[in-house]
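Presented below is the structure to which this report refers.
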Amino acid sequence: MENWIAITAGFSPQEIQKAARRVKHDASSLFSFSNHLVITPENLSNFAPTTHDKYKEYLNENSFGYGYFVWKAEIVMNVLLGEHGKCDGIVWIDAGCEVFVSPWTKLKFKNSLSKARESGYMFFELNTPEAQYSKNKVLRYFGSKFIYDLSPQIQATHFFLHGEQGSAIARKWFAASMQGIDFLDHTPSEFSEIEGFVLHKSDQSLLSLTVKSLNLMERTKVPPAGNRGFISRWSASRAPIWVSRNRTGTSIQSKIQRLFVNF
């Protein structure tokens, strides 16, 4: 049996740490992970030591994303490399996600693991043009092609990495994150941004461009949100992971839906 490790991070405020624990609790009923790591301010230096040393001044609650999410790449890389237990693949689940457990979502999740095992990765993307959400400085670092500028951006909310291909993605993602905080923060590029630019998406921009620079084109369906009322929640019941942006310790699932968690 392969060793899949789930990873969720919860920093500040305290409520997001409760959300991370909620995700871990529900994910344990979805699949028998070898481990489910919850990264917190207290253990961050253990999981991302290089990042902690280089960007220590930004790793605090006063900095957006507890340091522009710079820590995510090293955490993923180190876990994949087996530094926190034997690992064949990782599943990243943001603390704002919902994990919906039912007989059919358990099967769907196992199918997702199988697909990730075959390709070495599994990502979804939204119809947000890369150049509108990645600063010009970073586009140039990756040797941006025209297709980068127009193609949808890969999301870092929930994804899978496996084996050598997954490790290659993580290493290149981490290398980009080590180029300097200006690769992640919201300061403007030295060159003007591309027309229509909205906001640099920090770790997500680096991950998206990493994957595209490796010519990895396979994508999966966009997970449901389930956060737009009753119909949205029940429609989301088809999927094991919802990208709900629920940054609290209380699930948005209905009482009837929650009955499936211990099914």
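The values are calculated or read from the model by the stated rules, or taken from the named source; none is laboratory data. Just so it is clear, the structure is predicted and the values come from calculations on it, not from any experiment. Cβ coordinates were reconstructed from backbone atoms using ideal geometry, including for glycine residues, and neighbour counts include every protein chain displayed.
Details
- Residue within region 193-216 that is free of Cβ contacts under 8 Å to residues at least 12 places away in the same chain and of a type in the set (Ser, Thr, Tyr) present: no
- One residue alone among Thr248, Thr187 is hydroxyl-bearing (Ser, Thr, Tyr) and loosely packed, with under 13 Cβ neighbours inside 10 Å, and that residue is Thr187.
- Restricting region 21-71 to residues that are of a type in the set (Asp, Glu) and not in a loop (DSSP other than H, G, I, E, B), the residue that is surrounded by the most Cβ atoms within 10 Å (Cβ to Cβ): Asp26
- Residue count for region 77-115 under the criterion of being assigned to a helix (DSSP H, G or I), in contact with a helix residue (DSSP H, G or I) (Cβ under 8 Å, 6 or more places away or on another chain) and either among the basic types (Lys, Arg) or closer than 17 Å to Glu2 by Cα (or both): the result is 4.
- Selected residue [at pLDDT 95 or above, among the aliphatic types (A, V, I, L, M) and touching a Cys at 6+ places or on another chain (Cβ under 7 Å)] from Leu80, Leu59: Leu80
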